[in-house]
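Asks: Quick one: the structure is below, and I'll ask about it shortly.
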Amino acid sequence: MAVSGLFLVNSSRAGLAIEHWTQPSGVQVYLAQSPGIPMLDVQIDFDAGSRRDPVLQAGLASVTASMAGKGVRAVGDQAALDENALGEAWADLGASFGGSAGNDRMSYYLRSLTYPDLLAKATQLAARQLGEPDFPAVIWARERSTLNAALKEANTRPATLVARAFNTAVYGQHPYGFEMTEATLARISVADMQAFYREMVQPCRAKVTLVGAVNRAQADALVTQLFARLAVTNKAQTAACPALPVVAEVAALEKPVEQRIAFDSAQAHVLIGQPGYKRDDPDFFALTVGNYILGGGGFVSRLTHEVREKRGLSYSVYSNFAPSLHAGAFTVGLQTRPDQAAQAVKVSKDVVAEFVAHGPLDTELKAAKDNLIGGFALRIDSNRKLLDNIANIAWNQLPLNYLDTWTQQIDLVSAADIKAAFARKLQPQKMVTVVLGAGD
């Protein structure tokens, strides 16, 4: 990957060409040609993340994405492959294919060398896995048991407990705040996963990003082949999918929320925040630069200076936004001695309130821009990082020249822009505050 990284950094300086087209089936394709090494990375995204989970079946999207990789059915003269045979087949090709689900997306990833014999076989196998997943009941029983054990273990961790309480308070009834539990897993059957997969995983709902040593014609043929078996499986598919149900937006907080959770711990865990903003918000760049100054820039951030350096209240403290299709949380997080928790909370809230009220200093703004612009090349210094960025462009319908203009957009941000953007997005008097493990 070192060679790949060097090539991509050099190509980024010359401008990055992203090609986009839509296939007759409705698949939207985004391609960045990278002929430096014989490698191809592919990401397939569907609007099938956890925001589509029923509240009583939280975790449905996640387990569906995982179980789709546990075997493929026998179709025609092609024998079934269980999870072991499937793993061995990918190992023999020196390639990989797998899926996962986040808040918004269910995503599948293919990586293969582009030598013709290998790439053709990898594409055929990925097409089988995408179009003919088996969802074996015996494997689901095993996976559910494993997940239940993992949940029990996670519930002993302070980080799990404080995050759960924080997400519930910030998101309320929105699916972003749903929690996978033993009870919700018990309500998920193989039939539920199969139905969810059939509805969500369709060519007309797919956005496919490719980065690697293929041209447009090769990419188009590859994508067609990837979805060929899926189209046969669901013959009702057309280029225009039925609209999915609208997911309500995250509700703004009406008043501050404070929770104290008793826990025998050497450190108190603190999370402070509220709903932030959606990814398509025009304040994105101002909030990105501003948050770097506030708490996203590590040791050069204002929170670190006030909480750690001046007062020694925490080894580390951070702030971040998590913009998605809906308003992801703005979060300030830290750990501190239990007897210092109240002071650490107060200082952190005061820093946020001061920043919202007055914005950054000119020196802070210059330092933030220098760091963000200077570090931009590291955001696209491998095929996988470039894939992530272009998939982000595809998913959020950003301009195709987004990466080419990113540093210019950062450079255009003013202190006034940041102050105005933070004033629009944050209400320091209505924050959620969760403290776990602090003494009375």
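Here, each number is a calculation from the coordinates, and none is a lab measurement. Bear in mind that the values here come from a model prediction, so they are computed numbers and not experimental data. Reconstructed Cβ throughout: ideal geometry from the backbone, glycine too, with neighbour counts over all protein chains shown.
Asks: Under 17 Å from the Cα of Lys385, which aspartates and glutamates turn up, not counting those fewer than eight places away in the same chain?
Replies: In chain and number order, the partners are Asp41, Asp45, Asp404.
Asks: Also: Suppose R0 equals 35 Å. What FRET efficiency, 1/(1 + (r/R0)^6) with r the Cβ-Cβ distance, do Gln194 and Asp92 give to the nearest 0.05?
Replies: My answer for the efficiency is 0.80.
Asks: Right, here's the next one. Select from segment 309-378 those trypsin sites (Lys or Arg not before Pro) which occupy a DSSP coil region and have at most 11 other Cβ atoms within 10 Å, ordered by residue number. Display every interim value, and only then the final one.
Replies: Working: sites: Lys310, Arg311, Lys346, Lys349, Lys366, Lys369; in loops: Lys310, Arg311.
Filter output for segment 309-378: Lys310.
Asks: Using θ = phi - 60° and the Karplus form 6.51 cos²θ - 1.76 cosθ + 1.60, what ³J(HN,Hα) does each residue of segment 132-148 get, whole Hz, x for Gly and Pro?
Replies: The phi angles translate into 9, x, 8, 6, x, 4, 5, 5, 5, 4, 5, 5, 5, 4, 5, 5, 4 Hz.
Asks: Just name one of Gly333, Thr407, Phe285: the one whose Cα is farthest towards the positive end of the charge dipole of segment 257-436 (beta-carbon charges, Lys/Arg +1, Asp/Glu -1).
Replies: Positive-end residue among those listed: Gly333.
Asks: Would you mind calculating the relative contact order of the chain from Cα pairs under 8 angstrom and at least 6 residues apart, reporting the percent as a whole number?
Replies: With pairs under 8 Å counted, the relative contact order is 23 percent.
Asks: On to the next question. For the chain, what is the convex hull volume of the alpha-carbon atoms per residue, in Å³? Don't jump to the answer; show the numbers that get you there.
Replies: On the way: hull volume 67.4 nm³, N = 440.
Per-residue hull volume (Cα only) is 153 Å³.
Asks: Where nothing but the Cβ of Lys and Arg (+1) and of Asp and Glu (-1) is charged, how large is the charge dipole of the chain around its Cα centre, in debye to the nearest 20?
Replies: Value, rounded to 20: 360 debye.
Asks: Starting from the Cα of Lys369, draw a straight line to each of the lysines and keep only those under 16 Å, dropping any in the same chain fewer than 8 residues away.
Replies: List returned: Lys419.
Asks: Same structure again: Can you return the lysines within cross-link range of Lys346? Criterion is Cα-Cα under 20 Å, with same-chain partners fewer than 8 residues away left out.
Replies: Straight-line reach from Lys346, under 20 Å: Lys255, Lys310, Lys430.
Asks: Ranked from highest to lowest mean number of other Cβ atoms within 10 Å per residue, what is the order of the peptides 45-52, 89-96, 284-291?
Replies: The peptides rank, most packed first, as 284-291, 45-52, 89-96.
Asks: Of the peptides 329-337, 370-378, 412-420, how do they stack up when ordered by the mean number of other Cβ atoms within 10 Å, highest first?
Replies: So the order, starting with the most tightly packed, is 329-337, 412-420, 370-378.
Asks: I would also like to ask the following. When the Kirkwood hydrodynamic radius is evaluated over all pairs of different C-alpha atoms of segment 93-183, what value in angstrom, to one decimal, is obtained?
Replies: 16.5
Asks: Could you order peptides 198-209, 136-147 by the average number of other Cβ atoms within 10 Å of their residues, highest first? Intermediate values should be presented prior to the final figure.
Replies: Values: 198-209: 21.9, 136-147: 14.2.
Sorting 198-209, 136-147 by mean packing, highest first, produces 198-209, 136-147.
Asks: What is the gain in length, in nm to one decimal, between Gln78 and Ala137 on full extension, counting 0.36 nm per residue of separation less the C-alpha to C-alpha distance?
Replies: Contour length minus the Cα-Cα distance gives 19.1 nm.
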